[in-house]
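I'd like to ask some things about the structure below.
The values are calculated or read from the model by the stated rules, or taken from the named source; none is laboratory data. It should be emphasised that the depicted structure is a prediction, and the values quoted were computed from it without experimental measurement. Cβ: placed from backbone, ideal geometry, glycine included. Neighbour counts: every protein chain shown.
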Amino acid sequence: MSVKNMKHLFKDMSMVNFEEKFSSSEKCLAYLAEKKWQDGFICKKCGHTNSCEGKSPFTRRCTKCKHQESATANTVFHGCKIPLPDAFKLSFMVCQNPNISSYEIGRVIDLRQMTCWKFKKKITECINEKGDIDMLQKVEIKKKLKL
Ligand SMILES: [Zn+2]
């Protein structure tokens, strides 16, 4: 599976294929970790490039300053209150059809319409700004959406 661009990956993927590949939090985290550190690790705190496995699965820990980073840190999925597979599914649906309504999403995924609306907005803004839905600075998100 290509780890280059999540938007394109989702756009070209069938629902069956998607559900098979991202059916659990572990699978989603594994994907994010693979994509995030495909070119190696760089510590956000000190810039060190050596890391070891963190305490929880799919985290990396800087060997110099001990800063631990999760697979979701600095992605749209960071601090997301929706279960990760649902957040992935919502992203998938938005990539497949950018004009999909939050009501429609709420019918497919068992989430409140307002929750869908908020997360859809976050993803749409990220796609518009970065051209993809994952890597971004969480500081920017907080400033923009006050989440
Ligand atoms: Zn560090």
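Taking the options Cys43, Cys52, name whichever one is part of a loop (DSSP other than H, G, I, E, B) and within 16 Å of the ligand (Cβ to nearest atom). Quick ask: steps written out before the conclusion?
Numbers: Cys52 fails: part of a loop (DSSP other than H, G, I, E, B).
The conditions single out Cys43.
Here is a further query. For the range 54-92, how many residues are polar (S, T, N, Q) and within 19 Å of Phe10 (Cα to Cα)?
Here is the first cut: in the range 54-92, the ones polar (S, T, N, Q) are 56, 59, 63, 68, 70, 72, 74-75, 91.
Among the residues that remain, those that are also within 19 Å of Phe10 (Cα to Cα) are: 72, 75, 91.
Of the residues in the range 54-92, 3 are polar (S, T, N, Q) and within 19 Å of Phe10 (Cα to Cα).
Now a separate question. Pull up the range 32-57, narrow it to residues that are hydrophobic (A, V, I, L, M, F, W, C) and more than 23 Å from Ser91 (Cα to Cα), then point me to the one that is surrounded by the most Cβ atoms within 10 Å (Cβ to Cβ).
Cys43
Here's a follow-up. Against the conditions (1) basic (Lys, Arg); (2) exposed (fewer than 14 other Cβ atoms within 10 Å of the Cβ); (3) in contact with a Gly (Cβ under 9 Å, 6 or more places away or on another chain), where does Arg60 fall short? Just the number, please.
Status for Arg60: all satisfied but (2).
Any residue at all in the range 103-113 that's over 17 Å from the mean Cα position of the chain (by Cα), of a type in the set (Asp, Glu), assigned to a helix (DSSP H, G or I) and on the phi < 0 side of the Ramachandran plot?
yes
Consider the range 63-90. How many of its residues are out of contact with any Gly (no Cβ under 6 Å at 6 or more places or on another chain) and in a strand (DSSP E or B)?
So the count comes out to 3.
How about the range 1-39: which of its residues are over 15 Å from the mean Cα position of the chain (by Cα), at pLDDT 90 or above and outside any helix (DSSP H, G or I)?
Result: Asp12, Met13, Ser14.
Okay, moving on. Can you name the residue in the range 55-86 that is more than 24 Å from Ile109 (Cα to Cα) and of a type in the set (Val, Ile, Thr) and is also farthest from the ligand (Cβ to nearest atom) among such residues?
Result: Thr59.
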